[in-house]
Amino acid sequence: MSRFSQIRRVGSTGSTNDDIAKILGEPQARGLTLVSDYQISGAGRKGRAWIAPPGSALLFTTALPDQVPARDLWVVPFWIGLVVHDALAGFGIATQLQWPNDVLLDGAKVAGILCISRVAGPQAWVACGVGLNVARPAEPGALIDIDPPPAFLSDVSACDRDELLAHILRRADASYEMLASPDIIARAWERAAGLPGARYRLRLDGSDERIEGKAVQLGTAGELVIDSHDGRRSISQADGRVLR
């Protein structure tokens, strides 16, 4: 049996992350995946909105069945990014990972990741929220306001959302033991992201400072190490935003 065989589906909800957060750590949440056809209040990093018209995206949150060390919480978004990347490769769809939590298709964002946690001393319960654009809507609607424009899997290949979810959860189960080895995940993520050498343009939160340069590697807590004209710098996930 897969660790992630428990799936619950709803037509719409405010946010699958919010729903899972209410029960995170309780027995019924362990290994649970909540899938919604539409999220009224879908969110990305730092409270930014995640816009996905009904039926256009695979929207789900998966709770890990076990606790992880609180010191290793940083690695979970990189792990689930790899899971999505590798699952899509199984459909013949080549994507690239972008720091800190995006999946790109031909240079445009096709999926975003937002993990939530409940820390209990040295351990934490974690759930992984994923929004994956699957079918481009016939009418752009609110998508027209997104800059830069998002990508959809249907731009390159037609995919069934249920099949995608099954592949992603099977890949999560197969690679679950990697979570015990953050360094292995970091190195695998770097390969999938084309590091080192990938060019990044970043804006530091809370300021107008912008940094541009070549990425070197991930740091020991998931920070992006980058060579800029000011020298080598480390940008934490909490401090930087990628500009495309």
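Miscellaneous remarks
- HN-Hα J in Hz across region 165-174 - Karplus 6.51, -1.76, 1.60, θ = phi - 60°, x for Gly and Pro: 4, 4, 5, 5, 5, 5, 5, 4, 5, 5
- All other residues whose Cβ lies under 13 angstrom from that of Q28 are scored, Lys and Arg at +1 and Asp and Glu at -1, for a net of +1.
- Interchain or long-range residues, amide H under 5 Å from S228's placed H: R233
- Measuring nothing but how far apart in sequence close Cα pairs (under 8 Å, 6+ apart) lie, relative to its length, region 6-193 scores a relative contact order of 23 percent.
- For the chain, the dipole from Cβ point charges (+1 on Lys and Arg, -1 on Asp and Glu) about the Cα centre works out to 220 debye, to the nearest 20.
- Applying the Karplus relation 6.51 cos²θ - 1.76 cosθ + 1.60 with θ = phi - 60° to region 66-83 yields 3J(HN,Hα) values of 10, 6, 10, x, 4, 5, 9, 4, 4, 7, 4, x, 5, 5, 5, x, 4, 4 Hz, where x marks Gly and Pro.
- Sum of -39500 (n - 2.57) over DSSP H runs of 4+, divided by residues of the chain (222 nm, nearest 500): -6000 deg cm²/dmol
- Separation between Cα centres of region 158-188 and region 212-233, rounded to whole Å: 26
- A Förster radius of 22 Å combined with the Cβ-Cβ distance from D18 to V119 puts the calculated FRET efficiency at roughly 0.80.
- Relative contact order computed over region 199-242 (Cα-Cα under 8 Å; 6+ residues apart), in percent: 35
- Working note: Karplus 6.51/-1.76/1.60 with θ = phi - 60° gives region 185-198 the couplings 4, 4, 5, 5, 5, 4, 5, 5, 9, x, 8, x, x, 5 Hz, where Gly and Pro are set to x.
- Here the simple spin-label model places points 7 Å from the Cα toward Cβ, and for K214 and S154 these points are separated by 4.0 nm.
- Net +/- balance of residues flanking I184 in space, Cβ distance below 15 Å, scoring K and R +1, D and E -1: -3
- Cα-based equivalent ellipsoid of the chain: semi-axis lengths in Å, sorted from largest, via gyration tensor: 26, 23, 17
None of the figures in this text is laboratory data; all of them are computed from the coordinates on show. Note that the structure is predicted; figures quoted are calculated from it, not measured. Reconstructed Cβ throughout: ideal geometry from the backbone, glycine too, with neighbour counts over all protein chains shown.
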